[in-house]
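> Okay, handing you the structure first.
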Amino acid sequence: DTGVSQDPRHKITKRGQNVTFRCDPISEHNRLYWYRQTLGQGPEFLTYFQNEAQLEKSRLLSDRFSAERPKGSFSTLEIQRTEQGDSAMYLCASSLGSGAYGYTFGSGTRLTVV
Amino acid sequence: AQTVTQSQPEMSVQEAETVTLSCTYDTSESDYYLFWYKQPPSRQMILVIRQEAYKQQNATENRFSVNFQKAAKSFSLKISDSQLGDAAMYFCAYFTYDMRFGAGTRLTVKP
(Lines give C-alpha, C1' and ligand atoms only; values in the text may rest on other atoms or scores of the structure.)
Protein backbone atom coordinates (compact mmCIF):
# COMPACT_ATOMS: atom_id res chain seq x y z
CA ASP A 1 0.00 0.00 0.00
CA THR A 2 1.45 3.35 -1.02
CA GLY A 3 -0.65 5.55 1.24
CA VAL A 4 -3.38 7.98 0.25
CA SER A 5 -3.32 8.87 -3.43
CA GLN A 6 -4.92 11.92 -5.00
CA ASP A 7 -5.39 12.65 -8.66
CA PRO A 8 -4.70 14.98 -10.33
CA ARG A 9 -1.93 16.79 -8.46
CA HIS A 10 -2.71 20.05 -10.23
CA LYS A 11 -5.77 21.29 -12.08
CA ILE A 12 -6.21 24.58 -13.89
CA THR A 13 -9.73 25.31 -15.04
CA LYS A 14 -11.70 28.19 -16.38
CA ARG A 15 -14.36 29.80 -14.25
CA GLY A 16 -17.69 28.11 -14.75
CA GLN A 17 -16.28 24.70 -15.65
CA ASN A 18 -16.84 21.56 -13.61
CA VAL A 19 -13.94 19.66 -12.06
CA THR A 20 -13.66 16.30 -10.35
CA PHE A 21 -10.93 15.08 -8.06
CA ARG A 22 -10.24 11.53 -6.98
CA CYS A 23 -8.89 10.13 -3.74
CA ASP A 24 -7.78 6.56 -3.10
CA PRO A 25 -7.43 5.96 0.64
CA ILE A 26 -5.39 3.32 2.40
CA SER A 27 -7.31 0.15 1.58
CA GLU A 28 -8.15 -0.94 5.12
CA HIS A 29 -9.19 2.54 6.27
CA ASN A 30 -12.95 2.88 6.67
CA ARG A 31 -13.08 6.66 7.06
CA LEU A 32 -12.25 9.17 4.39
CA TYR A 33 -12.08 12.96 4.77
CA TRP A 34 -11.94 15.94 2.46
CA TYR A 35 -10.34 19.22 3.51
CA ARG A 36 -9.67 22.49 1.73
CA GLN A 37 -6.51 24.47 2.38
CA THR A 38 -5.94 28.00 1.14
CA LEU A 39 -2.55 29.68 1.09
CA GLY A 40 -1.21 30.37 4.55
CA GLN A 41 -4.09 28.67 6.30
CA GLY A 42 -4.71 25.36 7.95
CA PRO A 43 -6.91 22.70 6.41
CA GLU A 44 -10.65 23.34 6.69
CA PHE A 45 -12.99 20.42 7.04
CA LEU A 46 -15.37 19.80 4.15
CA THR A 47 -16.89 16.35 4.60
CA TYR A 48 -16.22 12.80 5.65
CA PHE A 49 -17.36 9.28 4.89
CA GLN A 50 -17.56 6.17 6.95
CA ASN A 51 -17.44 3.40 4.40
CA GLU A 52 -19.87 4.60 1.69
CA ALA A 53 -22.00 6.80 3.97
CA GLN A 54 -21.41 10.55 4.00
CA LEU A 55 -21.80 11.39 7.68
CA GLU A 56 -21.03 15.08 7.94
CA LYS A 57 -20.81 18.06 5.63
CA SER A 58 -19.39 21.46 6.48
CA ARG A 59 -21.21 24.69 5.71
CA LEU A 60 -18.23 25.37 3.43
CA LEU A 61 -19.59 22.67 1.15
CA SER A 62 -22.01 24.69 -0.95
CA ASP A 63 -24.54 23.21 -3.34
CA ARG A 64 -21.92 23.33 -6.07
CA PHE A 65 -19.84 20.74 -4.24
CA SER A 66 -20.66 17.05 -4.13
CA ALA A 67 -18.69 14.12 -2.82
CA GLU A 68 -19.20 10.42 -3.23
CA ARG A 69 -17.57 7.25 -2.05
CA PRO A 70 -19.16 4.41 -3.95
CA LYS A 71 -18.64 0.96 -2.44
CA GLY A 72 -16.65 2.53 0.39
CA SER A 73 -13.43 2.56 -1.59
CA PHE A 74 -12.18 5.60 -3.54
CA SER A 75 -13.91 8.95 -3.30
CA THR A 76 -14.58 11.77 -5.72
CA LEU A 77 -15.11 15.45 -5.03
CA GLU A 78 -16.85 17.41 -7.76
CA ILE A 79 -17.12 21.16 -7.99
CA GLN A 80 -19.66 22.49 -10.43
CA ARG A 81 -19.56 25.95 -12.00
CA THR A 82 -16.19 26.73 -10.45
CA GLU A 83 -15.49 30.20 -9.09
CA GLN A 84 -12.17 31.93 -8.47
CA GLY A 85 -12.77 31.55 -4.74
CA ASP A 86 -12.61 27.78 -5.19
CA SER A 87 -8.89 28.03 -5.91
CA ALA A 88 -7.21 26.06 -3.13
CA MET A 89 -5.48 22.83 -2.24
CA TYR A 90 -7.98 20.01 -1.74
CA LEU A 91 -6.68 17.43 0.70
CA CYS A 92 -7.93 13.92 1.21
CA ALA A 93 -7.19 11.87 4.31
CA SER A 94 -8.19 8.51 5.65
CA SER A 95 -8.22 6.75 8.99
CA LEU A 96 -8.88 3.37 10.50
CA GLY A 97 -11.71 3.74 12.95
CA SER A 98 -12.66 7.09 14.42
CA GLY A 99 -9.42 8.86 13.57
CA ALA A 100 -8.35 9.31 17.18
CA TYR A 101 -4.95 7.94 16.25
CA GLY A 102 -4.58 10.48 13.46
CA TYR A 103 -5.26 10.77 9.81
CA THR A 104 -3.08 9.80 6.86
CA PHE A 105 -3.10 12.56 4.27
CA GLY A 106 -2.61 12.52 0.55
CA SER A 107 -0.47 15.05 -1.28
CA GLY A 108 -3.50 17.06 -2.33
CA THR A 109 -4.93 18.45 -5.55
CA ARG A 110 -4.12 22.07 -6.22
CA LEU A 111 -6.97 23.77 -8.07
CA THR A 112 -6.50 27.06 -9.86
CA VAL A 113 -9.58 28.72 -11.32
CA VAL A 114 -8.77 31.35 -13.95
CA ALA B 1 -17.44 25.17 18.31
CA GLN B 2 -13.89 24.08 18.86
CA THR B 3 -11.18 26.44 17.71
CA VAL B 4 -7.43 26.04 17.49
CA THR B 5 -5.15 29.06 17.63
CA GLN B 6 -1.51 29.21 16.65
CA SER B 7 -0.28 32.69 17.51
CA GLN B 8 3.10 32.44 15.78
CA PRO B 9 2.77 32.66 11.99
CA GLU B 10 6.53 32.24 11.60
CA MET B 11 9.38 30.98 13.74
CA SER B 12 13.07 30.61 13.12
CA VAL B 13 15.67 28.42 14.82
CA GLN B 14 19.36 27.81 14.42
CA GLU B 15 20.34 24.29 13.46
CA ALA B 16 20.95 22.12 16.57
CA GLU B 17 19.04 24.56 18.80
CA THR B 18 15.64 24.10 20.43
CA VAL B 19 12.41 25.79 19.40
CA THR B 20 8.92 25.79 20.88
CA LEU B 21 5.76 26.27 18.83
CA SER B 22 2.62 27.44 20.64
CA CYS B 23 -0.96 26.27 20.33
CA THR B 24 -4.09 27.01 22.31
CA TYR B 25 -7.55 25.59 21.81
CA ASP B 26 -11.04 26.17 23.00
CA THR B 27 -13.39 23.35 23.90
CA SER B 28 -16.07 22.34 26.35
CA GLU B 29 -15.26 18.65 25.91
CA SER B 30 -13.31 16.71 28.52
CA ASP B 31 -12.21 13.86 26.29
CA TYR B 32 -10.30 14.71 23.12
CA TYR B 33 -7.00 14.27 21.33
CA LEU B 34 -4.40 16.77 20.21
CA PHE B 35 -1.94 16.46 17.37
CA TRP B 36 0.94 18.22 15.71
CA TYR B 37 1.30 17.72 11.98
CA LYS B 38 4.21 18.73 9.77
CA GLN B 39 3.72 19.85 6.18
CA PRO B 40 6.99 20.22 4.23
CA PRO B 41 6.86 22.43 1.13
CA SER B 42 4.82 20.78 -1.63
CA ARG B 43 4.57 17.57 0.31
CA GLN B 44 1.89 15.81 2.26
CA MET B 45 1.09 16.38 5.91
CA ILE B 46 2.60 13.87 8.29
CA LEU B 47 1.79 13.18 11.91
CA VAL B 48 4.49 14.32 14.32
CA ILE B 49 3.04 13.62 17.74
CA ARG B 50 -0.25 12.80 19.45
CA GLN B 51 -1.56 13.53 22.96
CA GLU B 52 -4.59 12.04 24.69
CA ALA B 53 -6.33 14.62 26.85
CA TYR B 54 -6.98 12.19 29.69
CA LYS B 55 -3.26 11.46 30.04
CA GLN B 56 -1.30 13.92 32.14
CA GLN B 57 2.05 12.67 30.89
CA ASN B 58 3.40 14.70 28.00
CA ALA B 59 3.95 12.78 24.77
CA THR B 60 7.46 12.41 23.37
CA GLU B 61 8.68 11.17 19.98
CA ASN B 62 12.45 11.29 19.66
CA ARG B 63 13.38 15.00 19.31
CA PHE B 64 9.76 16.11 19.51
CA SER B 65 7.91 16.62 22.77
CA VAL B 66 4.83 18.48 23.91
CA ASN B 67 3.87 20.55 26.91
CA PHE B 68 0.19 19.81 27.48
CA GLN B 69 -1.56 22.06 29.96
CA LYS B 70 -5.18 20.91 30.01
CA ALA B 71 -6.51 23.57 32.37
CA ALA B 72 -4.91 26.30 30.31
CA LYS B 73 -5.95 24.58 27.05
CA SER B 74 -2.41 24.87 25.82
CA PHE B 75 -0.47 22.38 23.71
CA SER B 76 3.02 23.47 22.65
CA LEU B 77 5.53 21.52 20.58
CA LYS B 78 9.22 21.51 21.44
CA ILE B 79 11.71 20.48 18.80
CA SER B 80 15.15 19.71 20.19
CA ASP B 81 18.40 19.57 18.20
CA SER B 82 16.69 21.16 15.20
CA GLN B 83 17.67 19.83 11.81
CA LEU B 84 17.40 21.36 8.35
CA GLY B 85 14.75 18.75 7.52
CA ASP B 86 12.51 20.13 10.26
CA ALA B 87 11.77 23.20 8.12
CA ALA B 88 8.07 23.06 7.32
CA MET B 89 4.63 24.33 8.23
CA TYR B 90 3.49 22.91 11.55
CA PHE B 91 -0.19 22.55 12.32
CA CYS B 92 -1.76 21.98 15.69
CA ALA B 93 -4.97 19.95 15.52
CA TYR B 94 -7.80 19.06 17.87
CA PHE B 95 -9.85 15.91 17.53
CA THR B 96 -13.13 14.76 19.00
CA TYR B 97 -15.41 13.64 16.18
CA ASP B 98 -13.22 15.09 13.45
CA MET B 99 -9.93 16.94 13.10
CA ARG B 100 -9.79 20.75 13.30
CA PHE B 101 -6.60 22.60 12.52
CA GLY B 102 -4.94 25.84 13.47
CA ALA B 103 -3.61 28.26 10.86
CA GLY B 104 -0.09 26.92 11.14
CA THR B 105 3.41 28.10 12.02
CA ARG B 106 6.09 28.26 9.37
CA LEU B 107 9.39 27.05 10.83
CA THR B 108 12.66 28.05 9.24
CA VAL B 109 15.87 26.30 10.26
CA LYS B 110 19.07 28.28 9.73
CA PRO B 111 22.30 26.39 9.06
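The values are calculated or read from the model by the stated rules, or taken from the named source; none is laboratory data. Since this is a predicted model, take the numbers as computed values, not measurements. No Cβ is skipped: glycine too gets one built from the backbone with ideal geometry, and neighbour counts run over all protein chains shown. Please note that ligands, DNA and RNA were not included when accessible areas were found on the heavy atoms of the full protein model with its side chains. Shrake-Rupley method; radii C 1.70, N 1.55, O 1.52, S 1.80 Å.
> Using label points projected 7 Å from each Cα along Cα→Cβ, tell me how many nm separate A:Glu68 and B:Asp26, to one decimal.
Result: 3.9 nm between the two label points.
> Quick one: if the Förster radius is 30 Å, what FRET efficiency do B:Ala72 and A:Leu96 give, using the C-beta to C-beta distance and rounding to 0.05?
On the way: r = 32 Å, r/R0 = 1.06.
Once rounded, the FRET efficiency stands at 0.40.
> Okay, next question. If you take all C-alpha pairs in the stretch B:1-98, what percent of them are over 19 Å apart? Before the final figure, lay out each step's value.
On the way: 1849 of 4753 pairs.
Percentage above 19 Å: 39.
> Output wanted: per-residue J couplings in Hz (rounded whole) for the stretch B:8-21, from phi through Karplus 6.51 cos²θ - 1.76 cosθ + 1.60, θ = phi - 60°, x for Gly and Pro.
10, x, 9, 9, 9, 9, 7, 3, 6, 8, 10, 9, 10, 9
> Please tell me the relative contact order of chain B in percent, rounded to the nearest whole number, where contacts are Cα pairs under 8 Å and at least six residues apart.
Numbers: 274 pairs, mean separation 42.0, N = 111.
With pairs under 8 Å counted, the relative contact order is 38 percent.
> Follow-up. Karplus couplings for the stretch A:91-104 from phi (6.51 cos²θ - 1.76 cosθ + 1.60, θ = phi - 60°), rounded to Hz, Gly and Pro as x?
9, 10, 9, 9, 8, 9, x, 5, x, 5, 9, x, 9, 9
> Beyond 23 Å between alpha-carbons counts as too far, so tell me which of B:Lys55/B:Lys78; A:Lys14/A:Lys57; B:Lys78/B:Lys110; B:Lys38/B:Lys78 fall in that bin.
Values: B:Lys55/B:Lys78 18 Å; A:Lys14/A:Lys57 26 Å; B:Lys78/B:Lys110 17 Å; B:Lys38/B:Lys78 13 Å.
In this structure, A:Lys14/A:Lys57 exceed 23 Å between Cα atoms.
> Based on the Kirkwood radius over alpha-carbon pairs, what value in µm²/s does the Stokes-Einstein equation return for the translational diffusion coefficient of chain A at 20 °C and 1.002 mPa s? Each step should come with its number before you reach the end.
Numbers: Rh = 14.0 Å.
Estimated diffusion coefficient is 154 µm²/s.
> What residue among B:Glu61, B:Glu52, B:Glu15 shows peak mean-square fluctuation when chain B is described by a Gaussian network model with Cα springs under 10 Å?
B:Glu61
> Counting only protein heavy atoms, what percent of the accessible surface of chain A is carbon or sulfur at a 1.4 Å probe?
Values: 2560 of 5740 Å².
In chain A, the share of accessible area belonging to carbon and sulfur is 45 percent.
> Leaving ligands, DNA and RNA out of it, report the carbon-plus-sulfur percent of the accessible area of chain B at a 1.4 Å probe. Provide the component values of the computation, followed by the final result.
Working: 2480 of 5600 Å².
That share works out to 44 percent.
> Which stretch or stretches of the stretch B:48-66 have amide N atoms under 11 Å from the point lying 7 Å from B:Ser80's Cα along the Cα→Cβ direction?
Answer for this model: B:60-66.
> Return a whole-number percent for the relative contact order of chain A, with Cα pairs under 8 Å and 6 or more residues apart as the contact set.
Numbers: 288 pairs, mean separation 42.2, N = 114.
With pairs under 8 Å counted, the relative contact order is 37 percent.
> Pop out the Kirkwood hydrodynamic radius of the protein assembly as shown from its pairwise C-alpha distances, inverse of mean 1/r, in Å to one decimal. Before the final figure, lay out each step's value.
Working: mean 1/r = 0.0552 Å⁻¹.
Kirkwood hydrodynamic radius for the protein assembly as shown: 18.1 Å.
> For a quick check, take a GNM of chain B with Cα springs below 10 Å and name the residue from B:Ser28, B:Ser82, B:Ser65 with the largest mean-square fluctuation.
B:Ser28
> Considering amide H positions built from the backbone, and no H for Pro or chain starts, which residues 5 or more places from B:Thr108, or on another chain, come under 5 Å of its amide H?
Amide H neighbours of B:Thr108, under 5 Å, 5+ apart: B:Met11, B:Ser12, B:Val13.
> Running a GNM on chain A with Cα contacts under 10 Å, which residue among A:Gly97, A:Gly85, A:Gly40 ends up with the highest mean-square fluctuation?
Result: A:Gly40 has the largest fluctuation of those listed.
> Kindly compute the accessible surface that chains B and A hide from a 1.4 Å probe when together, both sides summed, and give it to the nearest 100 Å². List each step's numbers first, then the result.
Numbers: alone 6360 and 6510 Å², together 11340 Å².
For B against A, buried area totals roughly 1500 Å².
> Over the stretch A:1-65, average the accessible area per residue using a 1.4 Å probe and give it in Å², no decimals. Please list the in-between numbers first.
Details: 3820 Å² over 65 residues.
Result: 59 Å² of accessible area for each residue.
> With a 1.4 Å probe and all protein chains left in place, how much accessible area per residue does chain B have, in Å²?
Working: 5600 Å² over 111 residues.
Computed with neighbouring chains in place, this is 50 Å² per residue.
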